[in-house]
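The values are calculated or read from the model by the stated rules, or taken from the named source; none is laboratory data. Only a predicted model underlies this, so the values are computations on that prediction, with no experimental measurement involved. Ideal geometry is used to build each Cβ from the backbone, glycine not excepted, and the neighbour counts take in all protein chains shown. Heads up: the accessible areas ignore ligands, DNA and RNA and are worked out on the full protein's heavy atoms, side chains in. Shrake-Rupley method; radii C 1.70, N 1.55, O 1.52, S 1.80 Å.
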Amino acid sequence: MTSSTTATRQLRNLIDGELVDGISGFVKLDPTTGLPLAEVHEAGRHQVDRAVAAARAALDGPWGRMTVNDRATVLRRIADAIERRFDDLVAAEVGDTGKPETLARDLDVARAAANFRAFADVTASTGLDSYLTELPGGRQALNYAVRKPLGVVAVIVPWNLPLLLLTWKLAPALAAGNTVVVKPSEETPSSATLLGEILLEAGLPAGVVNVVHGFGPDSAGEFLTSHPGIDGVTFTGETSTGAAIMRTVAPRVRPVSFELGGKNAAVVFADADLDAAVAGLSRSTYLNTGQVCLCTERIYVERPIFDEVAARLSESAARLRLGRPDNPATTTGPLISQQHREKVLSYFELVQDSGATVLTGGRVPTLGDGLDGGFWIEPTLWAGLDNTHRAVREEIFGPVAALIPFDSEDEAVSLANDTEYGLAAATWTRDLTRGHRVAQRMNVGMSWVNTWYLRDLRSPFGGMGLSGVGREGGHHSLEFYTEPTNVCVQL
Ligand code: NAD
């Protein structure tokens, strides 16, 4: 292990129900202070081999033979266990990400429990796909498809909503009877390790879920996705990483489910309820310091209300409170890492060089209180850019958006769709007929009207274009995590 002077907490891999040392290690920093938080044991090829072997053995064991109802019961027990360990999970999420405690409670950890309950319900109520086929001469054939688990699933997740996104994949994978090897982000190893322990406490057999720590290329991530023992990969993260994983799994044609990046638009019409729109835009731009794949980075505003929206949204951004996660008044945490802040700041410089207007923010703040070694950045808003600028085309993944005026509905739709991404969009208008019309014309997986990030966990979640492959949510998740075998019986 790499030694560190102050990080004493050790995060090990979880393989076949045991905490296992890595071959080397790295120090995870606290994003609020920049100080060491924990030492993480990085899994080598050997540990990844063991994790995949443990998952394979568990698939062939009692877990693989459990009835659907019994599995649904286990999932509900897991949700209860998450609620019992709620405060510990909040502490793990907050420590790794620096996000406000209130956000971790209301969003991340609450959704983790909800994910397991939702997929317990979905799997328990899913029927068979069956057809009675009419044959010549009055005979019939009965076709029915049974669904089997996909097998050993590699689950690779990012750092922005670590527990929420992990459980969003884990719950349906387990509901469908799979076994899993998880590779959490190197930036957020804590909640995955803790969840692994909670799953065992809830009665999940050893080896059903294994957690290996490390990085992507030439580390645990790549060892896992290139492993011949896995049957599929579900991944959430950057588009370029999705492309690399696709290349890795291509020789063995394994199925992939990809939730990738976004460059999401909001369109605000002049008839919108401006109080609701400004509150919604502030949330969609700055929630989790802009580090949500669904966050808005392009805001198209109908020209007559452009100045008013610009003024009101700037005021709203300037009112956000950066600070310690345990202060209930804190609304906004730091970025995840120094490296990520450098990336976000590089766009701030590009915009400054282009002569566009910084309506608010644009700098690294000075906070005092021991926080200035952390990876803080001001919530920022720009005007004066157009769709050709790199800051309007590329995903920044920080607390920032560009405001751009438009003059007609067609122009708004065409500006919003002028991107290679296709994850999410929001339309703000009091005219619901137009709301439906515009929402449907958006080339995205998720199109909101007069709201943002409102989710029914049964509805399809995912993106088109550079934003992903496939959909997750409700039965859409089960499509990925199962393999159908059709049985045809001539009657
Ligand atoms: P990332 O792609 O850098 O890393 C994600 C995970 O992949 C990490 O665990 C990382 O270690 C691993 N990884 C990296 N290279 C790999 C490789 N070659 N092989 C195997 N594993 C590899 O993403 P990030 O920076 O952690 O997360 C931010 C990105 O995630 C943003 O682009 C954001 O839009 C996207 N995201 C998308 C969604 C969605 O649902 N569409 C949700 C959240 C985040």
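Scalar couplings 3J(HN,Hα) for the range 430-441, obtained by applying the Karplus form with A = 6.51, B = -1.76, C = 1.60 to θ = phi - 60°, are 8, 8, 5, 5, 5, x, 4, 4, 5, 4, 6, 7 Hz; x denotes Gly and Pro.
For the range 466-491, backbone nitrogen atoms closer than 17 Å to the point 7 Å from L132 Cα along Cα-to-C-beta are found at 488-491. In plain terms, the chain from D106 to D410 could stretch by 105.7 nm, reckoned as 0.36 nm per residue minus the Cα-Cα distance.
Within the set K263/K343; K169/K343; K28/K183; K28/K99, which residue pairs have Cα atoms separated by over 20 Å? Where the Cα-Cα span goes over 20 Å, the pairs concerned are K169/K343.
Full extension of the chain between D218 and H46 gives 60.6 nm of extra length, using 0.36 nm per residue less the Cα-Cα distance.
The stretch between M464 and R321, if pulled fully straight at 0.36 nm per residue, gains 48.0 nm over its current Cα-Cα span.
On the beta carbon distance between H475 and N417, with R0 = 35 Å, the FRET formula returns roughly 0.80. The H on the amide N of L359, modeled in the peptide plane, is under 5 Å from the matching H of L381, W382, A383, each at least 5 residues off or on a different chain. Relative contact order, whole percent, for the range 452-491 stands at 29, derived from Cα pairs under 8 Å and 6 or more residues apart. Computed 3J(HN,Hα) for the range 375-381, one whole-Hz value per residue from the Karplus formula 6.51 cos²θ - 1.76 cosθ + 1.60 where θ = phi - 60°, is 9, 7, 7, 7, x, 10, 9, glycine and proline marked x.
Counting only DSSP beta bridges with both residues in the range 112-265, the antiparallel share comes to about 25 percent. Spacing of the modelled spin labels on R363 and R455, each 7 Å from Cα toward Cβ, amounts to 3.6 nm. Within the full protein context, the accessible area of T102 is estimated at about 60 Å² for a probe radius of 1.4 Å. Between the range 425-489 and the range 340-378, the alpha-carbon centres lie 33 Å apart. Per residue of the chain, the DSSP helices (runs of n ≥ 4 H) give a summed -39500 (n - 2.57) that works out to -11000 deg cm²/dmol at 222 nm.
Computed 3J(HN,Hα) for the range 227-236, one whole-Hz value per residue from the Karplus formula 6.51 cos²θ - 1.76 cosθ + 1.60 where θ = phi - 60°, is 6, x, x, 9, 9, x, 10, 10, 9, 10, glycine and proline marked x.
Label positions at E201 and R303, each projected 7 Å from the Cα along the C-beta direction, are separated by 6.0 nm. Note on S24 and M246: the model spin-label points, each 7 Å out from Cα along the C-beta direction, lie 3.0 nm apart.
The coefficient of translational diffusion for the range 264-456, derived via Stokes-Einstein from the alpha carbon Kirkwood radius under 25 °C and 0.890 mPa s, stands at 147 µm²/s. Annotation: amide H of L37 within the under-5 Å range of K28, L29, D30, sequence separation 5 or more or interchain, hydrogens built in the peptide plane.
A Cα-only calculation for the chain places Rg and Dmax at 23.4, 85 Å. For F406, the residues whose amide H sits under 5 Å from its own are V301, E302, R303, ignoring neighbours fewer than 5 places away on the same chain, with H placed 1.01 Å from N.
Distance from the Cα centre of the range 280-322 to that of the range 161-202, in angstrom? Cα centroid of the range 280-322 versus Cα centroid of the range 161-202: 32 Å apart.
Rounded to 0.05, the FRET efficiency of the T485 and N387 pair, given R0 = 51 Å and the Cβ-Cβ distance, is 0.60. The D353 and R139 beta-carbon pair, evaluated with R₀ = 56 Å, returns a calculated FRET efficiency of approximately 0.15. Computed with every protein chain present, the accessible area of I82 is close to 0 Å² [probe 1.4 Å].
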